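Take a look at the structure below.
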Amino acid sequence: MSFREKNAWIASITTLVVWGYYFFEVWRAFELRSIDGLLVRFWICMGITVVLMLALNLLATRNPGRDFGAAPDEFERQVDENATLIGHRLRGWLLLGLAAACPWVSTMIAPAFPADPAGATAIFIANLILFGLVVTELVIELIHIVRFRMVA
């Protein structure tokens, strides 16, 4: 397994675990009608992601360090270009869809938070944008994994 494939696995699993927990907490905050602590959870999840990605990638390079830092070959460049193209298109469509859905989303969020409807709406829409970004990055990494596995 190449280092780039290991990196894609590490990124995918870390994203699913850490950000899966975060977005579960965002949903729970909406159900409980309390947005207290979401920003702190965001920064904690961001820190955990950075630490896990660094630590796991360092561990991945210790074993067969032969391909760490090597320039990507033609196949790896092609996989990356393809995954990035799909990811960018998906991100664009998700953000466009979210922009179109904002009026509908605000009609669900604002009544649930009568003390600060505008602030709560802004926080949840920001989290929806973040969700779209996380999903597209996960799709990019999964494309890397699938393409590398197809060759192996």
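The values are calculated or read from the model by the stated rules, or taken from the named source; none is laboratory data. As the structure is a prediction and not an experimental result, all values here were calculated from the model. Just the protein is used for accessible areas: all its heavy atoms, side chains included, with ligands, DNA and RNA removed. Shrake-Rupley method; radii C 1.70, N 1.55, O 1.52, S 1.80 Å.
How much solvent-accessible surface does Arg28 expose, in Å² to the nearest 10, with a 1.4 Å probe and all protein chains in place?
100
Which log10 I(q)/I(0) values, to two decimals, does region 29-115 give at q = 0.24, 0.26 Å⁻¹ under the Debye formula with one point per Cα?
Evaluating at q = 0.24, 0.26 Å⁻¹ gives log10 I(q)/I(0) of -1.15, -1.14.
Tell me, in nm to one decimal, what length is gained between Glu25 and Asn82 on full extension, where the rule is 0.36 nm per residue of separation less the Cα-Cα distance?
Stretched out fully, the Glu25 to Asn82 stretch lengthens by 17.2 nm.
Give me the number: length gained by fully extending Leu130 to Leu96, i.e. 0.36 nm times residue separation minus the C-alpha to C-alpha distance, one decimal in nm.
Taking 0.36 nm per residue and subtracting the Cα distance, the gain is 10.9 nm.
Determine how large the accessible area of Met1 is when every protein chain is in place; take a 1.4 Å probe and give Å² rounded to the nearest 10.
Rounded to the nearest 10, the figure is 120 Å².
Using the Kirkwood formula on the Cα atoms of the chain, what hydrodynamic radius do you get, in angstrom to one decimal?
One decimal place: 17.4 Å for the Kirkwood radius.
Nearest 500 deg cm²/dmol is fine: what mean residue ellipticity at 222 nm does the chain get from its DSSP H runs of n ≥ 4 alone, each adding -39,500 (n - 2.57), divided by its residue count?
So the calculated ellipticity at 222 nm is -29000 deg cm²/dmol.
Under 10 Å, Cα contacts only: if you run a Gaussian network model on the chain, which one of Thr15, Thr61, Thr84 comes out with the highest mean-square fluctuation?
Result: Thr61 has the largest fluctuation of those listed.
Could you give the length gained on full extension between Arg62 and Glu74, defined as 0.36 nm per residue of separation minus the Cα-Cα distance, in nm?
The span from Arg62 to Glu74 would gain 1.9 nm if fully extended.
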